[in-house]
Structure formats: C-alpha cells, structure tokens
1. Can you list residue pairs whose Cβ atoms sit under 8 Å apart, with the first residue in segment 243-254 being farther than 17 Å from Arg347 by Cα and the second being assigned to a loop (DSSP other than H, G, I, E, B) and at pLDDT 90 or above? Count only pairs 6 or more apart in sequence or on different chains.
2. Select from segment 428-454 the residues that are touching a residue at least 24 places away in the same chain (Cβ under 8 Å), open to solvent by 30 Å² or more (accessible area, probe 1.4 Å) and not in a helix (DSSP H, G or I) and write down the one among them that is farthest from Lys386 (Cα to Cα).
3. Which of the residues belonging to segment 307-322 are touching a residue at least 12 places away in the same chain (Cβ under 8 Å), open to solvent by less than 50 Å² (accessible area, probe 1.4 Å) and either more than 27 Å from Ile278 (Cβ to Cβ) or not hydrophobic (A, V, I, L, M, F, W, C) (or both)?
4. For segment 237-250, name all the residues that are charged (D, E, K, R), part of a loop (DSSP other than H, G, I, E, B) and surrounded by 15 or more Cβ atoms within 10 Å (Cβ to Cβ).
5. Can you pull out every residue in segment 65-82 that is under 21 Å from Val331 (Cα atoms) and surrounded by fewer than 15 Cβ atoms within 10 Å (Cβ to Cβ)?
6. When you go through Val101, Val32, Val68, Val91 one by one, which is the residue that is in contact with an Asp or Glu (Cβ under 6 Å, 6 or more places away or on another chain) and over 18 Å from Thr5 (Cα atoms)?
7. Hey, among Glu196, Glu291, Glu264, Glu253, which residue is among the charged types (D, E, K, R), open to solvent by 30 Å² or more (accessible area, probe 1.4 Å) and at pLDDT below 95?
8. Tell me, yes or no, whether segment 32-49 has at least one residue that is hydroxyl-bearing (Ser, Thr, Tyr) and more than 20 Å from Gly93 (Cβ to Cβ).
Amino acid sequence: MIELTEGYVDSLALNASAIKNAQGLVKKRSFVQLNKSEDGTLLFGECSGSGKSNYACSADFIEPEMPVMRCSCPSRQFPCKHTLGLLYAYVNGETFEQADVPEDIAAKREKAEMREQKKAEQVAAGVDTKPKVKKVNKSALKKKIQAQLEGLDLLEKLTLSLIRGGLGTIDSKTLKMIQEHVKQLGNYYLTGAQSELRRLVVLLDDEDNREAAYTSIMEQLTLLHALIKKGRVHLTAKLNDPELKLDPESTIEEWLGHAWQLAELKEFGLMSEQVELIQLAFAGYVDQGREEYMDRGYWLDKESGEIHRTIQYRPYKASKYIKEEDSFFDVALVSELYRYPGDINRRVRWEKMTSRPLAPQDLEPVHAKAYRSYADAIKLVKNQLKNPLGDRNPVMLLHVVEVRQTEQGQFVILDEVGHRLLLDDLSPIGYKTVSLLTYLSEANLHDVTMLVMFEHHLDTGRLVAQPLTIIKGADITRLLY
C-alpha cells in the first residue's frame, strides 16, 4: 500500500497552476470513478472533461521511486491535472474501490518487468549495465578548449577597455558593443562568462542608478577578471594533460560552461546512497544573467549536517514546459544523491525520490548541527569569500540565544558568548524577511535555530546575514518559501 502526502504530490506538479487546477477537479467532484489495485500500487480512474468521453488516468507506483503517470487527455503538461487530481483525491481520503489492474497497464508492467529481468541476467553474466560517461573525443575537446582560451582573450580586452575608459564614459554605443560581446561568448563555449557579462550589462544599463551601483559594478568586473585568470590557467593545464581530465574539486568547470553528467559525478565519488533531506527554505526568482527563471531550495542532509542547495533553471521561452519547483515540507528519501564540486552549500541532484511526513524527531539534527559560535561560522564564510568564484551568499544554520532590536531599529542575533551578527535584507534574494521578525512571538526569538544567508558588503566592509527560517523545537517558521 502506497503512502502519499500532499507535499509529495505538489512536488510532481509542473507549476502552481497545475496544482490549483488539479485540486479544483477534486473539489468539483469531477472524478466519476476512483479505483485502486489489490496491492495498492496502482491508482486509476475516470475524470469528466471537455471531451465527449471521460479521461482515463492512472498513477502506477509499482516502483515507488519512479511512479508512472498516464492519462488519455491531450494535455502537453506532464503529469496532467487529471493525474494530479487523482493523487490529491487519494491524499484527501476519497473512497477508492478495489479493482483489477486494467489490461493495458498490466501489459506495460509486464514489458517493464521483462526489461528488468533482462538487465538482471546481464548483471549476473558480468555485463556492466550502469550508465557510462560519454567517451571523450579528444580532438574535438582540444579545439573547444582552444576556442575557450580565445574567448577569454576577447573578454579580457573588453574588461580592460572598460576599466581604462571609466564608468563615466559608458554610453549607449558602449552598451551595444558589450551586448555584442555577450553574444560572441556563446560561440566560444563560455556560457558561464556569457552570463556574468550579461549581468554587468544589466548593472550598467540603468544609467540613473549607475553611480549607486558602482560597488556592484566593480565587484562584477572583479569576478570577470578572476574568471579570466583562473580559467586561462585551468584550460592551459588541461591542454597539457594527455587525458584532458575534468577537475572534480572546484567549480571552475561549471564557470567555463561544463554541464556535469550524473555518471561523471558518480565516477568521481560524488554520489551518496540512501540520504534523507529536509528542505529548510525555498525561493524562486529571475536570473537576468542567464535569462532564466531559477528555483532554488536549501536542504539539510540529516546524517552529515550539510546544507545542500538544489537549483533548477527554466529558460524564459521554455519555462511553461519545465516543471516548476516549489516548497517541500516532507522528508525527502533519496536513493542516490549526486553532489556537484564546490564548497559550502554544494549543489545536489537526484533522479529518484520518495517521501514521508516530517516528524518532530527529524528536526533534532537541525538543532544539533547548528553553529553555536558565530566566530567559527564567520571564519568559514570569510574563507569561502576569499575565492572570487565562490558562492558569495553561503547559507548556514546558527544557534540563536536571542534576537534583539537595537536603538537604531536594526535587528541583531546573539550567540552564547554575546557575539552579535547584524541582520539585513540581501539583494540576491529579492525578498524582505527581516521586518517579519516583528510578527513573531517572544518564544520564537529566544533559544532558536536560524537558517541565514550571508553577504559581505564591500562599501561598509561588514558581513551581514538575512534570516530565512527559524526552527523552535519541532516547529518550523519559514520566512522565505
């Protein structure tokens, strides 16, 4: 018998609209038939729709980590609102009559079972059936690396000319020239540099606020300089390596445009099995540099105590066809967790996931893994910020003895030895959370665990943090979701 939660069904939906429409079908009693198999691994039924005939929909959980959704409707969304509605009906406790598995689904199950049996026979015979890393065409890769080096030379000439000319000389003609360079970098396989140069254009394009954005502009130019310098060293060394090996220790490959395959991450030992994750914060926003929507979640690995991040990019033009991520309130049970190279808050991915409801004892590791000394946490953050290509906004769990408001109206948090950390709203998030602290009870402002995002303000030299989530005992208060 399968166990489903509303949060898990939400996670399957393409977007918020699909969730709303699917729940609407249940509320309107649009399902004229609801069935389940004897073993409870298959849910199926019929839903009335705009067509002459009812739509036949099903959710097959014969493999719980990889459920198969089917529907006879013509929708391009996957899963469609009818299949999602079927799952919401089950979660809401609607009555599902027991019935035999339909013949067409039974036949599809049989084919899948035969494929698995064949795979098992191959494994028994010593045949490696695991996904393999794509064989590298060394000749083509060398040409790509040489093109990337040429692209870095082009980018360096551009940035040096901007610095020598000064920001005051930048006009519409200069901006048009920079935008042309943005397009050209795509031809040199430098998608990371392309995104960062586009971010610079966004900052420079606002002429009225250009002076106010001076610090951000200089920081962006510094990042581009670091990318040029480190990228050139890395690519030159790679050309001199007969194997042209990837670097699994740093983020430089991604900065230079490499899209990691899961098989590659596994080959480098960047995969863990049977991991339990708890999402502590989620935000969706626009990444103007990449020209994509970004869905970002922060998750606690219950065993290691690490805070991982999931990132999904949805290009503007294709966003309606890509499943929109959302807040997740259950425990995610991941059979294979793939970790990307990085420092604090490594990016992670998975292909298969089941879930269970969050229990009070699940939050014990959250409190146990929080930093009790802000000095120790800040030291780690500063070490990461020394790397120009490191994530400039690391996220950490801190134990907070007290949240206090100063005479100037600013909020600070205190650790056990009275060390203060200033709270402020940060530009990368785009959401204000500090002011929400005034609405919390006193109990949620003393002896709590807080998930915060750090940022170093170059103009003031101060390290500040923005509160994302507050955990008190078994209660989670998300300020960002």
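1. Leu246/His258; Leu246/Phe268
2. Looking at residues that are touching a residue at least 24 places away in the same chain (Cβ under 8 Å), open to solvent by 30 Å² or more (accessible area, probe 1.4 Å) and not in a helix (DSSP H, G or I), I get Leu440.
3. The answer is His308, Arg309, Thr310, Gln312, Arg314, Pro315, Ser319.
4. Answer for segment 237-250, where residues must be charged (D, E, K, R), part of a loop (DSSP other than H, G, I, E, B) and surrounded by 15 or more Cβ atoms within 10 Å (Cβ to Cβ): just Asp247.
5. Glu65, Met66
6. Of the residues listed, the single one that is in contact with an Asp or Glu (Cβ under 6 Å, 6 or more places away or on another chain) and over 18 Å from Thr5 (Cα atoms) is Val32.
7. Glu291
8. The answer is yes; a qualifying residue exists.
The values are calculated or read from the model by the stated rules, or taken from the named source; none is laboratory data. Since the structure is predicted, the reported quantities are computational estimates derived from the model, not experimental observations. Please note: Cβ atoms are built from the backbone with ideal geometry, for glycine as well, and neighbour counts cover all protein chains shown. Please note that ligands, DNA and RNA were not included when accessible areas were found on the heavy atoms of the full protein model with its side chains. Shrake-Rupley method; radii C 1.70, N 1.55, O 1.52, S 1.80 Å.
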